[in-house]
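Enquirer: Let me begin by handing over the structure; questions about it come next.
The values are calculated or read from the model by the stated rules, or taken from the named source; none is laboratory data. The model shown is predicted, which means the values in this text are computed figures rather than measured ones. Glycine gets a Cβ as well: all are built from the backbone with ideal geometry, and neighbour counts include every protein chain shown.
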Amino acid sequence: MYQLIKKEGAARRGVFTTVHGTVQTPAFMNVGTSAAIKGGISSHDLRDLKCQVELCNTYHLHVRPGDDVIRKLGGLHKFMGWDGPILTDSGGFQVFSLAKLRRIEELGVTFNSHVDGKRIFMGPEESMRIQSNLGSTIAMAFDECIENPSPRPYVEQSVARTTRWLRRCKTEMDRLNSLPDTVNPHQMLFGINQGGTYEDIRIAHMKEIAQLDLNGYAIGGLAVGEPAEVMYQIIEAVEPYMPSNKPRYLMGVGTPVNIIEGVARGVDLFDCVMPSRNARHGHLFTWKGIINIQNAKYQLDDSPIDSECDCPVCRKYSRAYLRHLVRANEMLGMRLAVMHNLYFYNTLMEVIRKHLDEDTFLRFREEMVPILGRRI
């Protein structure tokens, strides 16, 4: 259940209540693809890093260790030792991004596993069954992810199929939730808005799927190479047609600046691999901009990564030490860098919520967007 507390412009401050706990929104969902954040971060660590929601990947967990294995072990929450909300994506994005050989049909998609080449079929019903076995808090609908830009006739055809798939997802999810041995009988279903960079297709699709009265709605198929301004235009076009009483999720986005701009346009939930992936290469987010800890200028720098940050890393370690660890390929270097970036992102959301509470978000946006996007 989503409760809208207040608005500042189009920006929304809300509370999203789930069977696995309450989420203060806007919120960033921390990406733990294979039931763990890459970089040696445990579920226990996530509490200290202010994580509210973890995101796991349906496709990867289906391939390894197998959703049937996770079901036998009591579901994803028990398996990974995390008691907060978990969102599982449908596997659709991975099918389209990882599979070199795939065949899209009305029933679903046949493709080769990127691990062992084994043939796999996945459609709406299969995706729902896998996510039901995982027992996540939120399951994402199975959709087709199209490249930007794509020819208009193909986009129209793809979106129509995605809508038919969504109806099948809803039917199957309702059936699975009614079974006596379901891992999580309160599993929610979010639908995904598609339509490439065609505003009219996006709007028509949003209007149609809004009638299905799902638990939440996502905007998918953005942040895949199109300019940021195009992404913002699409969000602005779609937002008026998204149900105001349901959470809104912008998939795969993004930088701190993207997030602030997304919040300003009415988005509640975000996810991105960027904080953990960039950290593993020494790129760290700070309240003064982005630093590359591998630069020589940090060799003798005994100050913390960010003097304004109170994360476990900034409280204890210097830039010089972290630079040494990262350059020496020490596992601890990767872990500390990821911890800092996740803490930064989750704190950014905390600060955004505070400014929304105090009606100062638009001023915060104006002040911070030029700073957070710059490289130091």
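Enquirer: Just checking, does the stretch 102-122 include any residue being surrounded by 18 or more Cβ atoms within 10 Å (Cβ to Cβ), of a type outside the set (A, V, I, L, M, F, W, C) and on the phi < 0 side of the Ramachandran plot?
Expert: No, every residue in the stretch 102-122 fails to be surrounded by 18 or more Cβ atoms within 10 Å (Cβ to Cβ), of a type outside the set (A, V, I, L, M, F, W, C) and on the phi < 0 side of the Ramachandran plot.
Enquirer: Related question: I'd like to check something: does the stretch 125-138 contain any residue that is in the same structural domain as Asp174 (by TED's automatic domain parsing), touching a residue at least 12 places away in the same chain (Cβ under 8 Å) and basic (Lys, Arg)? Outline the logic, then answer.
Expert: Of all residues in the stretch 125-138, those in the same structural domain as Asp174 (by TED's automatic domain parsing) come to 125-138.
Imposing the further condition that a residue be touching a residue at least 12 places away in the same chain (Cβ under 8 Å) reduces the set to 125-138.
Subsequent filtering for residues that are basic (Lys, Arg) retains 129.
Yes, that holds for at least one residue.
Enquirer: Of all residues in the stretch 287-298, count the ones that are within 11 Å of Leu322 (Cβ to Cβ) and part of a loop (DSSP other than H, G, I, E, B). Can you show your working first?
Expert: Of all residues in the stretch 287-298, those within 11 Å of Leu322 (Cβ to Cβ) come to 291, 293-294, 298.
Restricting the remaining residues to those that are part of a loop (DSSP other than H, G, I, E, B) gives 293-294.
Total satisfying the criteria: 2.
Enquirer: Then there is this: Might you check whether a residue that is free of Cβ contacts under 8 Å to residues at least 12 places away in the same chain, surrounded by 14 or more Cβ atoms within 10 Å (Cβ to Cβ) and in contact with a helix residue (DSSP H, G or I) (Cβ under 8 Å, 6 or more places away or on another chain) occurs anywhere in the stretch 63-71?
Expert: Among the residues of the stretch 63-71, not one is free of Cβ contacts under 8 Å to residues at least 12 places away in the same chain, surrounded by 14 or more Cβ atoms within 10 Å (Cβ to Cβ) and in contact with a helix residue (DSSP H, G or I) (Cβ under 8 Å, 6 or more places away or on another chain), which makes the answer no.
Enquirer: Determine whether Leu322 is surrounded by 23 or more Cβ atoms within 10 Å (Cβ to Cβ) and over 19 Å from the mean Cα position of the chain (by Cα). Quick ask: steps written out before the conclusion?
Expert: On the way: surrounded by 23 or more Cβ atoms within 10 Å (Cβ to Cβ): yes; over 19 Å from the mean Cα position of the chain (by Cα): yes.
Considered against the rule, which asks whether it is surrounded by 23 or more Cβ atoms within 10 Å (Cβ to Cβ) and over 19 Å from the mean Cα position of the chain (by Cα), Leu322 comes out as yes.
Enquirer: Then there's this: When Thr197 is evaluated against the numbered criteria (1) in a helix (DSSP H, G or I); (2) farther than 28 Å from Asp67 by Cβ, which criterion, by number, is the only one it fails?
Expert: Of everything listed in (1) in a helix (DSSP H, G or I); (2) farther than 28 Å from Asp67 by Cβ, Thr197 misses just condition (1).
Enquirer: Determine whether Asp310 is assigned to a loop (DSSP other than H, G, I, E, B) and over 25 Å from His44 (Cβ atoms).
Expert: Details: assigned to a loop (DSSP other than H, G, I, E, B): yes; over 25 Å from His44 (Cβ atoms): no.
Considered against the rule, which asks whether it is assigned to a loop (DSSP other than H, G, I, E, B) and over 25 Å from His44 (Cβ atoms), Asp310 comes out as no.
Conditions (1) over 21 Å from Val31 (Cβ atoms); (2) in contact (Cβ under 8 Å) with a residue 24 or more places away in the chain; (3) of a type in the set (S, T, N, Q); (4) in a helix (DSSP H, G or I), marked per residue:
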position: Leu325; (1), (2), (3), (4): yes, no, no, yes
position: Tyr345; (1), (2), (3), (4): no, yes, no, yes
position: Met349; (1), (2), (3), (4): no, yes, no, yes
position: Lys354; (1), (2), (3), (4): yes, no, no, yes
position: Asp359; (1), (2), (3), (4): yes, yes, no, no
position: Glu367; (1), (2), (3), (4): yes, no, no, yes
position: Ile371; (1), (2), (3), (4): yes, yes, no, yes
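Enquirer: Filter the stretch 146-168 for residues that are modelled with pLDDT of 95 or more and part of a loop (DSSP other than H, G, I, E, B) and give the result.
Expert: Correct list: Pro151 only.
Enquirer: Being hydroxyl-bearing (Ser, Thr, Tyr) and without any contact (Cβ under 8 Å) to a residue 60 or more places away in the chain is the filter; apply it to the stretch 11-53 and report the residue that is surrounded by the most Cβ atoms within 10 Å (Cβ to Cβ). Before you say what the answer is, go through the steps one by one.
Expert: Pass one, the stretch 11-53, residues hydroxyl-bearing (Ser, Thr, Tyr): 17-18, 22, 25, 33-34, 42-43.
Those left that are additionally without any contact (Cβ under 8 Å) to a residue 60 or more places away in the chain: 17, 22, 34, 42-43.
Working: Thr17: 12, Thr22: 14, Ser34: 14, Ser42: 15, Ser43: 19.
Of everything passing the filter in the stretch 11-53, Ser43 is surrounded by the most Cβ atoms within 10 Å (Cβ to Cβ).
Enquirer: Within the stretch 66-122, which helices (runs of 4 or more DSSP H) (wholly inside it) include 1 or more residues that are farther than 18 Å from Ser34 by Cβ?
Expert: Details: elements: 67-72, 76-80, 92-98.
Because the criterion is at least 1 residues that are farther than 18 Å from Ser34 by Cβ, the helices (runs of 4 or more DSSP H) in the stretch 66-122 that meet it are 92-98.
Enquirer: Which residue, of Arg202, Arg277, is in a helix (DSSP H, G or I) and outside the structural domain of Met173 (by TED's automatic domain parsing)?
Expert: Values: Arg202 fails: outside the structural domain of Met173 (by TED's automatic domain parsing).
Selected residue: Arg277, the only one of Arg202, Arg277 that is in a helix (DSSP H, G or I) and outside the structural domain of Met173 (by TED's automatic domain parsing).
Enquirer: Listed residues Asp143, Asp174, Asp181; which is more than 21 Å from the chain's Cα centre (by Cα) and part of a loop (DSSP other than H, G, I, E, B)? Explain how you work it out, then say what you get.
Expert: Values: Asp143 fails: more than 21 Å from the chain's Cα centre (by Cα); Asp174 fails: part of a loop (DSSP other than H, G, I, E, B).
It is Asp181.
Enquirer: Let me ask something else. Filter the stretch 250-276 down to the residues that are in contact with a Leu (Cβ under 8 Å, 6 or more places away or on another chain) and farther than 20 Å from Arg365 by Cβ and list them by number.
Expert: Met251, Gly252, Asp271, Ser276
Enquirer: From the list Asp200, Asp181, Asp213, pick out the single residue that is closer than 18 Å to Ile138 by Cβ, out of contact with any helix residue (DSSP H, G or I) (no Cβ under 8 Å at 6 or more places or on another chain), modelled with pLDDT of 95 or more and among the acidic types (Asp, Glu). Lay out the reasoning, then the answer.
Expert: Working: Asp200 fails: closer than 18 Å to Ile138 by Cβ; Asp181 fails: closer than 18 Å to Ile138 by Cβ.
Criteria check complete, one pass: Asp213.
Enquirer: Same structure, new question: Considering only the stretch 139-188, how many residues are among the aliphatic types (A, V, I, L, M) and without any contact (Cβ under 8 Å) to a residue 24 or more places away in the chain? Give the derivation first.
Expert: Just the residues of the stretch 139-188 that are among the aliphatic types (A, V, I, L, M), to begin with: 139-141, 146, 155, 159-160, 166, 173, 176, 179, 183, 188.
Checking which are without any contact (Cβ under 8 Å) to a residue 24 or more places away in the chain leaves us with 160, 179.
Counting residues in the stretch 139-188 that are among the aliphatic types (A, V, I, L, M) and without any contact (Cβ under 8 Å) to a residue 24 or more places away in the chain gives 2.
Enquirer: Given the conditions (1) more than 20 Å from the chain's Cα centre (by Cα); (2) not in a loop (DSSP other than H, G, I, E, B), which single one is not true for Ile192?
Expert: That leaves (1) as the condition not met.
Enquirer: Out of everything in the stretch 216-262 that is small (Gly, Ala, Ser) and in a helix (DSSP H, G or I), what residue ends up being surrounded by the most Cβ atoms within 10 Å (Cβ to Cβ)?
Expert: Going residue by residue through the stretch 216-262, those that are small (Gly, Ala, Ser) are 216, 218, 220-221, 223, 225, 228, 237, 244, 252, 254, 262.
Still in the list and also in a helix (DSSP H, G or I): 228, 237, 262.
Values: Ala228: 16, Ala237: 17, Gly262: 26.
The residue in question is Gly262.
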